[in-house]
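Notes follow once the structure below has been shown.
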Amino acid sequence: MTSTRSTGTDLPTGTDISEVLSTIGGIAHRVLGRDVDPAVDLFDQGTTSLAFIRMIAEVGARYGVTVDVAELEEARIDLLSQMVVDQVVAQERDGREDGR
Amino acid sequence: MTNTLDQRFTPTADEVARFHEQGYLGPFTVYEEEEMKRLWRRERLRLMDRSGAVYDEDDAQAGNTNIANYDRHLDSTFLADHVCRPEIVDRVAAVLGPNVLCWRSEFFPKYPGDEGTDWHQADTFAFASGKPQILWPAEEREFGGTITVWTAFTEAAEDTGCLQFIPGSQRTMHYDETKAMHYQPDKINGRGKDGVNRGFYGYDYRELQKDPDWRPPEDRAVSMVMKPGEAVMFWSTMMHASKPHSNPDKPMRLGFAGRYVPTSVEVYPDTDDVDEYGGQVSLQKYGAVLVSGVDTHTHNRKVTATTRGHVFPVR
């Protein structure tokens, strides 16, 4: 699976921050039924805990990562996206090292 | 009952006298508003991890209440430090004396559209569980109740469900907690009382009235409007209630209450499970927390650290 950065460089899915931001924004829109500001706390935008948990579950399933929300400073889509990218990159690095 | 040990946030003698007269003190600042907002944004995420919580959720959730969210100060570092905050403990100890336990903490969320909370008084807290949850020693039984410190984690305004008090009402109990209340979750958000949509988490607190025809003197009620980070402390035996959250454009109101008693009070005497508000939790991992002074009594099970190993800072 690949995604393309604006530079044209092929990267594995989940390592391109703009792609992850857009995908998680889409998940948020679907779960919450409206657009949200990715740089503003989701709870401050009226999101309930239940909806947030559903969103996190979808994000985890989409990227094959376990999202530990306790590691987030705020429930913001931009922070969540960066966490996903970091985890995917770490998993890929660990995978490469295991395969050496 | 007074404390002679002066600390940084110890109220003045006049303030303590006013507390005894009115039944409440505050609001006062525990956190600056922006600090509270920042902390809560982070902590509400951390609290989603229930792996260290002392109560299982299995049988705890019913209606609009989840009693498994009692006592999260026993696993959350933030809440552990919160219930021990000097801004709170110094004020509580000034009334209860130097040796103080925190025996319970609870969240009180109110979402847009939620009903207000019935006028009520709590002495032994037997009203929902059927058994006294706190028992004062015979020589001090005239006091009863607990001191509750209710901190606004989010704004508590007139239109988002702020607390309401009837000052000076703490000396006469108008309710009999040994009477049975009937749990009716289908009535939540559906009952008007004297023109206000109110309930008691699935119960109707009026069922406990000693005199069924008595009405709370609401003309004397005062509203506790609070910014995030402000708190108010009050006797649980003082008549209190909260307004409905009537503003769909404002976020949920969230109060966090710590409940305090002197170490001489027995907590959960002869009790292994709490069964109330349609849910049940086991007290197997429960312990009261010494927040001030020393405890020379042996009647309460206590913990000195959270389930994650954070030591409670004793004042």
Find all pairs meeting these conditions: Cβ atoms under 6 angstrom apart; at least six residues apart or on different chains; first residue within region B:236-257 and more than 19 Å from A:ASP41 (Cβ to Cβ); second residue among the basic types (Lys, Arg).
-> B:HIS245/B:LYS110; B:HIS245/B:ARG253
Hey, any hits in region A:50-65 for a residue that's closer than 23 Å to B:LYS37 by Cβ, at pLDDT 90 or above and under 12 Å from the mean Cα position of the chain (by Cα)?
-> yes
Say we look at region B:284-315 and pick out the residues that are in contact (Cβ under 8 Å) with a residue 60 or more places away in the chain and assigned to a strand (DSSP E or B); which of these is farthest from B:PRO132 (Cα to Cα)?
-> B:SER292
Quick check, is B:THR29 among the hydroxyl-bearing types (Ser, Thr, Tyr) and at pLDDT 95 or above?
-> yes
Output yes when any residue across region B:229-236 is surrounded by 24 or more Cβ atoms within 10 Å (Cβ to Cβ), over 30 Å from B:ARG91 (Cα atoms) and in contact with a Phe, Trp or Tyr (Cβ under 6 Å, 6 or more places away or on another chain), and no when none is.
-> no
Hey, B:VAL30 hits all of (1) touching a strand residue (DSSP E or B) at 6+ places or on another chain (Cβ under 6 Å); (2) away from chain A (no Cβ under 13 Å); (3) within 28 Å of B:LEU135 (Cα to Cα) but one; which does it fall short on?
-> (3)
Subset of region B:33-50, residues out of contact with any Pro (no Cβ under 9 Å at 6 or more places or on another chain) and within 10 Å of chain A (Cβ to nearest Cβ), comes to B:ARG38, B:ARG41, B:ARG42, B:GLU43, B:ARG44, B:LEU45, B:ARG46, B:LEU47, B:MET48, B:ASP49
Can you name the condition, by its number, that A:SER18 falls short on among (1) within 11 Å of chain B (Cβ to nearest Cβ); (2) in a helix (DSSP H, G or I)?
-> (1)
Can you find even one residue in region B:180-189 that is surrounded by fewer than 17 Cβ atoms within 10 Å (Cβ to Cβ) and of a type in the set (Val, Ile, Thr)?
-> no
Might you check whether a residue that is in a helix (DSSP H, G or I) and modelled with pLDDT of 90 or more occurs anywhere in region B:45-57?
-> yes
Residue list for region B:170-194, filter: without any contact (Cβ under 8 Å) to a residue 24 or more places away in the chain and outside any loop (DSSP other than H, G, I, E, B) = B:ASP186, B:LYS187, B:GLY192
If a residue has to be outside any loop (DSSP other than H, G, I, E, B) and either farther than 17 Å from B:ASP275 by Cα or of a type in the set (A, V, I, L, M, F, W, C) (or both) to count, how many in region B:111-129 make the cut?
-> 8
Inter-residue pairs, beta-carbon under 9 Å, first free of Cβ contacts under 8 Å to residues at least 60 places away in the same chain and under 28 Å from B:PRO98 (Cα atoms) and in region B:265-283, second of a type outside the set (D, E, K, R) and surrounded by fewer than 16 Cβ atoms within 10 Å (Cβ to Cβ), 6+ apart = B:LEU283/B:THR271
Which of the residues spanning region B:122-151 are modelled with pLDDT of 85 or more and out of contact with any helix residue (DSSP H, G or I) (no Cβ under 8 Å at 6 or more places or on another chain)?
-> B:ALA122, B:ASP123, B:THR124, B:PHE125, B:ILE134, B:LEU135, B:TRP136, B:PRO137, B:ALA138, B:THR146, B:THR148, B:TRP150
Kindly indicate the residue of region B:251-282 that is within 14 Å of chain A (Cβ to nearest Cβ) and under 30 Å from B:VAL95 (Cα atoms) and also surrounded by the fewest Cβ atoms within 10 Å (Cβ to Cβ) among those meeting that condition.
-> B:LEU254
Mind counting the residues in region A:57-92 that are small (Gly, Ala, Ser) and within 11 Å of chain B (Cβ to nearest Cβ)?
-> 2
Pull up region A:14-48, narrow it to residues that are more than 28 Å from A:GLU92 (Cβ to Cβ) and surrounded by fewer than 16 Cβ atoms within 10 Å (Cβ to Cβ), then point me to the one that is modelled with the lowest pLDDT.
-> A:THR48
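The values are calculated or read from the model by the stated rules, or taken from the named source; none is laboratory data. Keep in mind that what you see is a predicted model, and the values were worked out from it rather than measured. A quick note on method: Cβ atoms are made from the backbone with ideal geometry, for glycine too, and the neighbour counts reach across all protein chains shown.
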